[in-house]
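A.B. asks: Have a look at this one.
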Amino acid sequence: MTREELFAILPLLVLTGGIVLLMLQVSLRRGHRPALATTLAVLLVALWACFTVAADLPADGAISATMLFRIDHTALFFCVLLLLAALATAVLGFHHLLSRASNQDGDAYPEEFYILLLLVMLGACSLVCASHFASLFLGLELMGLSLYPLLGFSVIGSHSPQREQLLSLESGMKYLLLSALATALTLFGIALVFAASGALDFTAAAATLRESGPGNSVFSAGLTLLLVGMAFKLSLVPFHIWTPDVYQGAPTPVTALIATVSKGAVVALVLRLFGQVDLFSVPVLSTMLAVMAIASMLVGNLLALLQSNVKRLLAYSSIAHIGYLMVAFLIGASAFGQEAVTYYLVAYVVTTMGAFAVISLVADTALSSLPGGTGPISDPSNDPYQIEFYRGMFWRSPALACCFGLMLLSLAGIPLTIGFIGKFYVFAAGVQGNLWYLLAAVVIGSALGLYYYLRLLLVMVQCESGSEALAAGEVNIAASGKLLVIGLTGALLLFGIFPQLLINWVNAL
Amino acid sequence: MTIAAMIAVLFLGGLAAWALDKMRPGAGRWVSLASLLFAGALLAHLWGLSRDGSANTAQAWWQSIELSWIPRFGISFFLAVDGLGFLMLALTLLTGLFGLVVTWREISFRQGFFYFNYLWTLAGVVGVFTALDLFLFFFFWEVMLIPMLLLIAVWGYEARTFAAIKFFIFTQASSLLMLIAVVGLVYTHYSNSGQVTFNYLDLLQVQLSPTTGWWLMLGFFIAFAVKLPAVPLHTWLPDAHTQAPTAGSVLLAAILLKTGAYGLLRFTLPLFPEASAQFAPVAMAIGALSVVYGAVLAFAQRDMKRLVAYSSVSHMGFVLLGIYALNTIAIQGAVMQMVAHGLSTAALFAIVGCLQQRLHTRDMEQMGGLWTEVPRLSAIALFFAVASLGLPGLGNFVAEFMVLVGSFGVDHWTTAVAALGLVGAALYALVMMQRAFFGESRRSVSADEQERVIDLHVRETLALLVLAVSLVFLGLRPQPLFDIAAPSVQRSLPLNNAAARAPAAMESGRAATVARRPETIRKGDTP
C-alpha cells in the first residue's frame, strides 16, 4: 500500500482512529458530554479529511486504494453527505439520551451510542467507497451489525419508558432476523458472481459481463440475489415489511440514521455498482428495479394513508421516496441519471433528517415535561408520536411548526423546497428515458402522498376553539436542537430556491 | 422591473402583515391594504408605460424582465406583461382589494396569518399571469396553492379540511401532469436544437410530431381544465368555494379560476396549435356540457354559496367554449367573460358572505322576505344576479353574446346547447332572488331574539358599487378592453390568423400597429 493510497482512505482512517479513541476515553472516564464532544470532533475531522482528499485527487479523479476501495469525487461527496447526517444524528441522540437519563442511577450507558454511531459511519463510508465485493460485504455488515444494538438501545442504554423499551426491542429483533436473511442472500449472490467471473472486484465482474453478455444465467442469478439484498436495505416493496415496525420502535435518532445514512450509502453503492459493472445492460435487473419502484411508490403511499403514528407514516413515505429515486436511477448509465439520483438523494437526506429531527426533539420535550419524567406513556393521547399530538402546534410554537411544515411540503414536492427540485429531476429523468409507466406511478403516488402530508400539515395549523388551553403548551426544544432544525430548514430552502448552487457541485463530480 | 416589484410588494407585504399584526393586532389589514394599493399604483405605472411605449417601441410585451435563475436547465426568472396579462393583473388587484375591503371585519382570529396567506395567494397569481418561463410559471402555479389551502383549512366553514385537501389534490395532481408535459416539451426542443431552455418564446418554435404534440397538449389541457373547471374535473370547486371564507371564495372564483383560462390562452393554444385545433371540438363540447350541467346543478342547490359556485362552473364553460372556437370574436368574448365573471361572482360571494354573517346560514330555505329588512343588500344582490344571468347592458351579456356568435359559425349544435345555459342562468339567478329576498320570511328565530338584521355598511356598499359600475362600463363600452386584449388574442391564434383577419377588422387600429416580435411568428402566420 503506497502513501498515496493511505492518504486516499484518510476519512476511513480518521473514523477508525476516532472509534478507538472514543472507546479508550469511555473506558477511562465515562461522561455523556465528553463522548459527544469527541464524536463531533471525529466527524468534523473526517469531513475535513474528505475535503482534503478531494482537493488532492489526481487528474483522472480516482485513486484505487488496493483492490478494495476506489476513492473518487462522487464517493467523497456521498461521504460528506452521510457524515453531515451523522453530525445531525449525534446532536439528536444527545438530546434523546439526555431526556431519558435519570440522575440518581448510574447504569445508563449513553456513551456507547456514539461508538456505535461511528461504527455505522465507518461501515457506510466503506460501502460508499467499495469497489470490490469483499469490501461491499464488509461495509454492509459493519453497518448492519452496529445498527442492531442501536435499534435496541432503549432497552439497556438509556432509561426509556417501558413502552419504548418493548418497541425498541421488537424493532432490533425484527431488523436482526430479516437483515440476516438479506445478508445470506447477498452472500450467496456474491458467491454466484464469483463462480461466474472468477473474481470479486467490480472491474473483473464488468469484464465477465462484457465477454459473456447478459445471457450468463449464473452471473445474472448472482446479481439478482445481490440486488434483493440491496432492495432489503432500501426497503423497496416487496422487501419493505420490516420498515414501519423498525422505524416506529427504534429511538428516533436511530430511525433518522437508518433512514438517511443506511439508505443513502446503499443508494451510492448501487449507483457505483451499476455504473462500473454496467448492469444497466442486464435487462432482468432493470425490469426488476422498475417493478419494485412502481410497487414501492404505490404501496408505500397507499399504506401511509392509514397511519396515525408519525414515525410509521414517514416510514411508508420513505418507501415511496426510494421508489421515486429509482425512477431517476433507471434511465441508465448517463451523466444525467447520476446527477438526478444524487440530487434526489441529497433532497431526501436533508428532508428526512429534518422531519425526524423535529419528531425526535418534540418527543424529548414531551417526555421531560410529563410528570414523573421517565414514567411509562400509557395514555395514547399523550403519545408524542401520534398525529393528534401535533394539533395546533403552529399556534403553540410557530417557528418549529413552520420548519416541520416546510419539511412536509418538501416531502410532498412543493416548490420553494429542495424536494420539489428533486422531484423535478425525477420527472426530467423519466421523460428523458421514456419511462411513462413509472412517471404515471410517480404522479399517482404524489397525489396520494399529498393527502397524508397535508393532513399532518393541517392538523398542525388547525386548532379547535375549545382547546385554547393547549395554546399554553409551547414546545421548548434545546438551543442546539433549534440550531439543527433551522440549519436543515435553511438548506432545504436555499437549495430549493437556488438549486444551481448544489447542481454546480454535483456536476463537478 | 415594475412587474417584479409588484410581486415583491405582495410577498413582503404578506410577511409584514403577519409580523406587524403580532405586535399590534389589527395592523395586518392596513398593511395589506397599503401593499395592495401600492401594487395597484405599480400597475397603473405599467399602464402609463404602455401608453407611452406603444407609439415608438412597438413591442408585443409591454415590459419584461429576464434574470438567469437555474442555468443548468436554461431556466430564467422571466416575467413579461402584455394586454391579456395586464387585464388579468387589473382583475387580480381589483378583486383582491374588493375581497379585503368587503371582509374587513370578518376575520376574527389569527388575522396576521390570514392576511399573510391572502397576499401570498395574490402574489402567486400575479406571478402566474406574468411568468414567461415555463418552469417559473409552474413554480408560481404551485406557490399560489399553499396559502389558498391554508385560507380554506383554517378560516373555512364546517367541512373545511376535506374541502381544502380535495382542492389541493385535484389541482396538484393535474399540475404534475402539466409538469411532465412541460419537461416533455423542453426535452423535444432539446432533441431538436440541442439547447435546454424553458423560455416560452423559444419553446414556441418547437416542431412537434402530431402524436407528441397531442399528448403534451393533453397534459397542459388537463391541468388548466381542472382549474377552470371543466365538467368531469370540477368536483373540487363546489366544496372549496362553499367551505372557504368569503375572502377566500372571492379569490378562488374571481382570480384562481381565471388562471386556468389564461393558461389555455397563453400556453396550450400557441404551443400546440395543430393539436389544439384537432382537439377543439371535444373541448367545445366539454365547454357546452359545463355550461348546461353547471346551470342545472346550480338550480338544484339549497345552499346559496353552492349555487353561486355551480354558476361559476356554468360561466366558465362559456370561457372554454369561446377559447376553443379558435376565432378572434369568440376568444375576445372569453376574455371579456373572464373579467366580467370575476367581477360579478366576486360580488355574489361577498353578498352571500354578508348574509351568512348576518343570518348565520347559507340555506335559502331559511331565508325569504329579506328585501323589506335589508333593502340595500337586496337591491345590490338583484343587480349582480341579473348580471350573472346576462342582462344586456352589463359585461356578462357582451361576453356571452360574443362567445356564442363566435362559436356558432364553428359548431352550430354545440353552441345551441350552450345557449340553453342562458335560460338556465335566468332560472337559477331568479329563483335565488325569489327564495332569498322575496316572499314570506322563513327564518326559524323565536320572537324574543328576532333582532333586526343590519343592512350593508357604507364600506360594503361602496365596494360592491365599484364592481357594479365596472360591470356597467364593460357592458356599455367593451371596446377598450377588446383593444387591450387584441394583440394577445391574435398571438394565441397562430394557425387561424389568416382566417381571423376579416373579423379582426372590427378591432381598432391598435392591434395592427403593435408589431409582433419575430420569434412569435409561426408558419401559417404569413401576411
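The values are calculated or read from the model by the stated rules, or taken from the named source; none is laboratory data. Just so we're clear, the structure is a prediction, and the values are computed from it rather than from any experiment. Note: ideal-geometry Cβ built from the backbone for every residue, glycine included; neighbour counts use all protein chains shown. Only protein heavy atoms, including side chains, enter the accessible area calculation; ligands, DNA and RNA are left aside. Shrake-Rupley method; radii C 1.70, N 1.55, O 1.52, S 1.80 Å.
A.B. asks: Exactly one condition in (1) surrounded by fewer than 24 Cβ atoms within 10 Å (Cβ to Cβ); (2) touching a Gly at 6+ places or on another chain (Cβ under 6 Å); (3) not β-branched (Val, Ile, Thr) is false for B:Ser193; which is it?
C.D. replies: So B:Ser193 meets the others, but not (2).
A.B. asks: Give me a count of the residues in the stretch A:1-16 that are open to solvent by 40 Å² or more (accessible area, probe 1.4 Å) and of a type in the set (Gly, Ala, Ser).
C.D. replies: Summing the residues that are open to solvent by 40 Å² or more (accessible area, probe 1.4 Å) and of a type in the set (Gly, Ala, Ser) in the stretch A:1-16 gives 0.
A.B. asks: Also, I was wondering about something else. Identify all residues within the stretch A:301-314 that are farther than 17 Å from A:Ser410 by Cβ, assigned to a helix (DSSP H, G or I) and open to solvent by less than 30 Å² (accessible area, probe 1.4 Å); write none if there are none.
C.D. replies: Result: A:Lys311, single match.
A.B. asks: Does A:Pro214 satisfy being at negative phi, open to solvent by less than 20 Å² (accessible area, probe 1.4 Å) and touching a residue at least 24 places away in the same chain (Cβ under 8 Å)?
C.D. replies: No, not satisfied.
A.B. asks: Yes or no: A:Tyr453 of a type in the set (Ser, Thr, Tyr), within 18 Å of A:Ile359 (Cβ to Cβ) and either assigned to a helix (DSSP H, G or I) or modelled with pLDDT of 90 or more (or both)?
C.D. replies: Spelling it out, A:Tyr453 is indeed of a type in the set (Ser, Thr, Tyr), within 18 Å of A:Ile359 (Cβ to Cβ) and either assigned to a helix (DSSP H, G or I) or modelled with pLDDT of 90 or more (or both).
A.B. asks: Here's something else I'd like to know. Let me confirm something: among B:Gly127, B:Gly74, B:Gly96, B:Gly85, which residue is within 14 Å of another protein chain (Cβ to nearest Cβ) and either of a type in the set (Val, Ile, Thr) or within 15 Å of the chain's Cα centre (by Cα) (or both)?
C.D. replies: B:Gly127
A.B. asks: From the set of residues in the stretch A:367-394 that are modelled with pLDDT of 80 or more and open to solvent by 20 Å² or more (accessible area, probe 1.4 Å), which is nearest to A:Pro251 (Cα to Cα)?
C.D. replies: Filtering the stretch A:367-394 for residues that are modelled with pLDDT of 80 or more and open to solvent by 20 Å² or more (accessible area, probe 1.4 Å), the one nearest to A:Pro251 (Cα to Cα) comes out as A:Tyr385.
A.B. asks: Which helices (runs of 4 or more DSSP H) does the stretch B:345-447 wholly contain that include 3 or more residues that are closer than 30 Å to B:Pro281 by Cβ and in contact (Cβ under 8 Å) with a residue 24 or more places away in the chain?
C.D. replies: Result: B:395-408, B:412-437.
A.B. asks: Could I ask something else about it? In the stretch A:394-422, which residues are touching a residue at least 40 places away in the same chain (Cβ under 8 Å) and facing chain B (nearest Cβ under 10 Å)?
C.D. replies: A:Phe394, A:Trp395, A:Gly405, A:Leu409, A:Ala412, A:Pro415, A:Leu416, A:Phe420, A:Ile421 - these are the residues of the stretch A:394-422 that are touching a residue at least 40 places away in the same chain (Cβ under 8 Å) and facing chain B (nearest Cβ under 10 Å).
A.B. asks: Examine the stretch A:88-96 for a residue that is more than 26 Å from A:Ser160 (Cβ to Cβ) and open to solvent by 10 Å² or more (accessible area, probe 1.4 Å), and state whether such a residue exists.
C.D. replies: The answer is no, given that none of the residues of the stretch A:88-96 is more than 26 Å from A:Ser160 (Cβ to Cβ) and open to solvent by 10 Å² or more (accessible area, probe 1.4 Å).
A.B. asks: List the number of the failed condition for B:Tyr157; all other conditions in (1) free of Cβ contacts under 8 Å to residues at least 12 places away in the same chain; (2) part of a loop (DSSP other than H, G, I, E, B) hold.
C.D. replies: In the conditions (1) free of Cβ contacts under 8 Å to residues at least 12 places away in the same chain; (2) part of a loop (DSSP other than H, G, I, E, B), B:Tyr157 misses (1) alone.
A.B. asks: Collect the residues in the stretch B:309-344 that are of a type in the set (S, T, N, Q) and in a helix (DSSP H, G or I), keeping them in residue-number order.
C.D. replies: Those that are of a type in the set (S, T, N, Q) and in a helix (DSSP H, G or I): B:Ser311, B:Ser312, B:Ser314, B:Thr328, B:Gln332, B:Gln337, B:Ser344.
Here is a yes/no grid of residues against (1) buried (at least 23 other Cβ atoms within 10 Å of the Cβ); (2) under 20 Å from the mean Cα position of the chain (by Cα); (3) away from chain A (no Cβ under 11 Å):
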| position | (1), (2), (3) |
| --- | --- |
| B:Phe138 | yes, yes, no |
| B:Tyr157 | no, no, yes |
| B:Phe167 | yes, yes, no |
| B:Leu185 | yes, no, no |
| B:Tyr200 | no, no, yes |
| B:Leu204 | no, no, yes |
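A.B. asks: Do we find a residue being open to solvent by 60 Å² or more (accessible area, probe 1.4 Å), in contact with a strand residue (DSSP E or B) (Cβ under 9 Å, 6 or more places away or on another chain), under 29 Å from B:Val489 (Cβ atoms) and not in a helix (DSSP H, G or I) anywhere in the stretch B:33-54?
C.D. replies: Within the stretch B:33-54 (the criterion being open to solvent by 60 Å² or more (accessible area, probe 1.4 Å), in contact with a strand residue (DSSP E or B) (Cβ under 9 Å, 6 or more places away or on another chain), under 29 Å from B:Val489 (Cβ atoms) and not in a helix (DSSP H, G or I)), the answer is no, since none of the residues qualifies.
A.B. asks: I would also like to ask the following. Among the residues of the stretch B:86-102, is any in contact with a Pro (Cβ under 7 Å, 6 or more places away or on another chain), crowded, with 24+ Cβ neighbours inside 10 Å and not basic (Lys, Arg)?
C.D. replies: no
A.B. asks: Looking at (1) within 14 Å of chain A (Cβ to nearest Cβ); (2) in contact (Cβ under 8 Å) with a residue 12 or more places away in the chain; (3) open to solvent by 10 Å² or more (accessible area, probe 1.4 Å), which one does B:Leu67 not meet, given that it meets all the others?
C.D. replies: (2)
A.B. asks: Taking the condition closer than 23 Å to B:Leu271 by Cα and part of a helix (DSSP H, G or I), does B:Phe135 pass?
C.D. replies: It is true that B:Phe135 is closer than 23 Å to B:Leu271 by Cα and part of a helix (DSSP H, G or I).
So that you can scan it fast, the table gives a plain yes or no per residue for (1) within 17 Å of A:Ala108 (Cβ to Cβ); (2) assigned to a helix (DSSP H, G or I):
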{"position": "A:Leu24", "(1), (2)": "no, yes"}
{"position": "A:Ser27", "(1), (2)": "yes, yes"}
{"position": "A:Arg30", "(1), (2)": "yes, no"}
{"position": "A:Val42", "(1), (2)": "no, yes"}
{"position": "A:Leu47", "(1), (2)": "no, yes"}
{"position": "A:Ala54", "(1), (2)": "no, yes"}
{"position": "A:Pro58", "(1), (2)": "no, no"}
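A.B. asks: Additional query: Taking the condition of being touching a residue at least 60 places away in the same chain (Cβ under 8 Å) and buried (at least 22 other Cβ atoms within 10 Å of the Cβ), how many residues in the stretch A:217-233 meet it?
C.D. replies: Residues in the stretch A:217-233 being touching a residue at least 60 places away in the same chain (Cβ under 8 Å) and buried (at least 22 other Cβ atoms within 10 Å of the Cβ): 5 in total.
A.B. asks: Okay, moving on. Filter the stretch A:399-428 down to the residues that are outside any helix (DSSP H, G or I) and of a type in the set (A, V, I, L, M), then identify the one that is surrounded by the fewest Cβ atoms within 10 Å (Cβ to Cβ).
C.D. replies: So, considering only residues that are outside any helix (DSSP H, G or I) and of a type in the set (A, V, I, L, M), the one surrounded by the fewest Cβ atoms within 10 Å (Cβ to Cβ) is A:Leu416.
A.B. asks: Filter the stretch B:169-180 down to residues that are closer than 16 Å to A:Tyr425 by Cα and at the interface with chain A (Cβ under 9 Å from one of its Cβ atoms) and give me whichever is most open to solvent (accessible area, probe 1.4 Å).
C.D. replies: B:Leu177
A.B. asks: How many residues does the stretch A:429-454 contain that are out of contact with any Leu (no Cβ under 9 Å at 6 or more places or on another chain), facing chain B (nearest Cβ under 8 Å) and open to solvent by 10 Å² or more (accessible area, probe 1.4 Å)?
C.D. replies: 1
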